[in-house]
1. Here is a check on your reading of the model: is N119 open to solvent by 20 Å² or more (accessible area, probe 1.4 Å), touching a strand residue (DSSP E or B) at 6+ places or on another chain (Cβ under 6 Å) and at pLDDT 95 or above?
2. Being β-branched (V, I, T), within 29 Å of I159 (Cβ to Cβ), modelled with pLDDT of 95 or more and within 13 Å of ligand 2 (Cβ to nearest atom) is true for just one of V343, V329, V370. Which residue is that?
3. Just to verify a result, which residue in the range 1-39, among those that are more than 21 Å from the chain's Cα centre (by Cα) and part of a loop (DSSP other than H, G, I, E, B), is farthest from A385 (Cα to Cα)?
4. Only one of V323, V310 is open to solvent by less than 30 Å² (accessible area, probe 1.4 Å) and more than 16 Å from ligand 1 (Cβ to nearest atom); which?
5. Here are A136, A143, A109, A101: which of them is away from ligand 1 (no atom under 16 Å from the Cβ), crowded, with 18+ Cβ neighbours inside 10 Å and among the aliphatic types (A, V, I, L, M)?
6. Determine which member of the set A211, A205, A245 is over 26 Å from the mean Cα position of the chain (by Cα), at pLDDT 95 or above, more than 22 Å from R295 (Cα to Cα) and open to solvent by 40 Å² or more (accessible area, probe 1.4 Å).
7. Taking the range 280-307, which residues are part of a loop (DSSP other than H, G, I, E, B) and crowded, with 16+ Cβ neighbours inside 10 Å?
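The values are calculated or read from the model by the stated rules, or taken from the named source; none is laboratory data. Treat the numbers as computed from the prediction; the structure is a model and nothing was measured. Using ideal geometry, Cβ is built from the backbone for each residue, glycine included, and neighbour counts are taken over all protein chains shown. Just so you know, the surface numbers come from the protein's heavy atoms only, side chains and all, with ligands and any DNA or RNA stripped out. Shrake-Rupley method; radii C 1.70, N 1.55, O 1.52, S 1.80 Å.
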Amino acid sequence: MKDFFAQSRELFNYTQSMRRDFHMHPELGFQEVRTAGIVAKELQELGLEVTTGIGKTGVVALIEGTGAGPTLLLRADMDALPIVEQTAAEYASQNPGVMHACGHDGHTAILLTVAKILNSARDQFPGTIKLVFQPAEEGQGGAESMLTDGVMDNPKVDITLGLHLWNERPVGWLGIAEGPTMAGAEMFTITVTGKGGHGAIPQGAIDPVLAGAHIVTALQSIVSRNVAPFDSAVISVTQFQGGDAFNVIPPSVKLVGTIRSFKPEVREMVLKRFSEITTGVAEAFGCQVDINNIRLTPPVINQSRTVKLVQSAAKKVLPDSTVDSSAPVTMGSEDFAFMLEKVPGCFFFVGSANEERGLNYGHHHPKFDVDEQSLPRAAALMAQAAVEILNS
Ligand SMILES: [Zn+2]
Ligand SMILES: [Zn+2]
């Protein structure tokens, strides 16, 4: 069998030039027209059957192995973020206000490289590889949109695999963990309504600012007093909006934030306490509340069997790496969770930071950049894992 890491290193110039091109021309969710066009062209040049327009700007291609077998979905996300890039990289964003600050440029380049590797290794696996280039991962529903367009059908997908470059860890680190690895996420909006009035005559008003402030404080008791110490959850109020004048009590204020959790029972309890506390505190101050909660993603839950295969692939193809199997990896969220909910599989992390070179800013930071040495490692592992899974 070919050494996929040797092969991915031979393809480094290709991977790097693709990644840098995507980095220079970032596109927001569901606007990845240029990116998707390049992806489709590259895949067609390999002679693959390519379908575009799945989930608006998504691209799907198939690689047929040798003989009948399962269908394995390999996914990369393609979207960038509304951030003004502050790196001094020669390949910095040429699209002002839009930046690949999460590494999805790398993911797209990695999966194109995996396509080349696996296309030249068709005789080494049975079944079908379904390459999925997904739009709009950053909270806009790209995964759901591809699911709606039938990404799991024709051929029906049996196993799913995805990865994230991970700048919290150095190149050489791999996070491949069983069970819940990333949190489920919600976005909430609370509107607190009282009665506006003169700032100097509070007795004639019902102050929603004061009620809102108490709500923010009281919500913090959920994680500290209701969630069991060995479980985890996060409640962050990230926006407090209201009022226009220094001497006017506004009629209402708006609080916005996010809730993160792993276990369904913890999520349910947190949401129940969230509603009770918000309503109860508001009432105590004579205000009304309107709560709107949107579930962004379920938690990322990895299937034990697939995780073990990816871990064994890692030991074979990247023997110099550190395989970290401790879960959860982060309270961050990822919409690949929707795909994992439909078809089990594994979402793993590939360390991409290099502190010495200053390439260790966190995801979504305006100076975020990865060490490109992580790219051939990620491609080799994904290709090796695919072959091991299809042969298992
Ligand atoms: Zn992100
Ligand atoms: Zn991301």
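1. Values: open to solvent by 20 Å² or more (accessible area, probe 1.4 Å): yes; touching a strand residue (DSSP E or B) at 6+ places or on another chain (Cβ under 6 Å): yes; at pLDDT 95 or above: yes.
Against the criterion (open to solvent by 20 Å² or more (accessible area, probe 1.4 Å), touching a strand residue (DSSP E or B) at 6+ places or on another chain (Cβ under 6 Å) and at pLDDT 95 or above), N119 qualifies.
2. Working: V343 fails: within 13 Å of ligand 2 (Cβ to nearest atom); V329 fails: modelled with pLDDT of 95 or more.
Only one candidate qualifies: V370.
3. Among those residues, the one meeting the criterion is L11.
4. Numbers: V323 fails: open to solvent by less than 30 Å² (accessible area, probe 1.4 Å).
Answer to the selection: V310.
5. Values: A136 fails: away from ligand 1 (no atom under 16 Å from the Cβ); A143 fails: away from ligand 1 (no atom under 16 Å from the Cβ); A101 fails: away from ligand 1 (no atom under 16 Å from the Cβ).
Only one candidate passes the filter, namely A109.
6. That would be A245, the only listed residue that is over 26 Å from the mean Cα position of the chain (by Cα), at pLDDT 95 or above, more than 22 Å from R295 (Cα to Cα) and open to solvent by 40 Å² or more (accessible area, probe 1.4 Å).
7. Result: F285, C287, P298, P299, Q303.
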